Amino acid sequence: MIIASAITEKESGSDAYSMKTTAVKNGDDYYLNGSKYYITNAPIADYFLVYAFTDVNKGSIGGLSAFLVDAKQSGVEVMGPLEKMGLRTAQMGGVQLKNVKAICRLGEEGAATAMFNEAMTWERIILSALNLGIVVRVKEQVQQFGEENNRGGKKLNEQSEFVEVVSHADVFLENAWNKIIYAAKALDENSKQSFLKASVAKLLVAEQGEKVMRQLQQSTGAYGYLSKNGIERDYRDFLAFTIYSGSNYVQNKIISSFSHS
Ligand SMILES: Cc1cc2nc3c(=O)[nH]c(=O)nc-3n(C[C@H](O)[C@H](O)[C@H](O)COP(=O)(O)OP(=O)(O)OC[C@H]3O[C@@H](n4cnc5c(N)ncnc54)[C@H](O)[C@@H]3O)c2cc1C
């Protein structure tokens, strides 16, 4: 069973709480109207987890609720798959909801912002670790390339510029791993700081990791540019992490909100 999580809309990504999707209660049922976009797994989803306003006036504090929607329900129109730069094995699409009766509400009415933040804390930590794994794989491939290739009569692995790129990657990996563990421990201890620490880990991995990935790719010259060698695919996949699960801008905003509180 595949459930796609749908919060983003065409005009509300980073500013998710300016979404237009609404849910109106009629008896015990809720009817949803709106349109979600850039949704992972939308074209193959059995169900959607849809975030919608039950009270626009209350906004994100008390006005946002979460619903389970059957993808086969009448009024549900799925768009896609949308072609994209990377992560091509994970289909992306949109979903339009026209007076769609939800299967059920998830959690209390108006409680979805807290639920979403908790889900994001988990997601940011787990996906930071996953993306760090991509950097580890590319670094090992680059080291292997450096071992097997000579320039100017010396192995690349013995050339100072090449060594520097690999050591930068090692420093990044060590720092990022520590931040991920730090955030995971905070989550394990139910600390309120886990939301902040997840953002710190996510921002570090996405922002610095992008630079490290580019340096690693560059260090192998044309080898890293060829699709058959896999590094360019890993680089394209990695770039998406600067956007999904909250862009770098969003992580900076979360971090600065803690430093001002
Ligand atoms: C691979 C991938 C998978 C995704 N999967 C899902 C999914 O499963 N479910 C889902 O709901 N969504 C999903 N998304 C959508 C994702 O959450 C949004 O793309 C993300 O929140 C950014 O929103 P946006 O694309 O509208 O960009 P915008 O929010 O418009 O941002 C564009 C740029 O402007 C910057 N920016 C934004 N606001 C400001 C501001 N006020 N001041 C200064 N700079 C700003 C951002 O940092 C960014 O660089 C996915 C996206 C990608 C790329």
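Worth pointing out:
- Averaging 1/r across all pairs of distinct Cα atoms in the chain and inverting the result yields a Kirkwood radius of 20.2 Å.
- Cross-link table K25/K253; K72/K185; K72/K197; K58/K192; K139/K179; K58/K211, entries beyond 29 Å C-alpha to C-alpha: K25/K253; K72/K185; K72/K197; K58/K211
- log10 of Debye I(q)/I(0), alpha-carbon scatterers only, for segment 1-144 at 0.10, 0.18, 0.20, 0.21 Å⁻¹: -0.38, -1.04, -1.23, -1.33
- Contact order normalised by residue count of segment 173-261, Cα under 8 Å, 6+ apart, percent: 28 percent
- On Cα atoms only, tilt of 248-259 relative to the major axis of the chain in degrees: 80 degrees
- Euclidean distance of C-alpha centroids, segment 124-169 and segment 210-261, integer Å: 15 Å
- Rg/Rh (Cα only; Kirkwood hydrodynamic radius) as it applies to segment 113-259: 1.06
- Computed magnitude of the charge dipole of segment 3-109 (debye, nearest 20; Cβ of K, R +1, Cβ of D, E -1): 200 debye
Coordinate-derived values only; no laboratory data. In this text, all values refer to a predicted model and were calculated from it rather than measured experimentally. Here the Cβ is made from the backbone with ideal geometry for all residues, glycine too, and neighbour counts use every protein chain on show.
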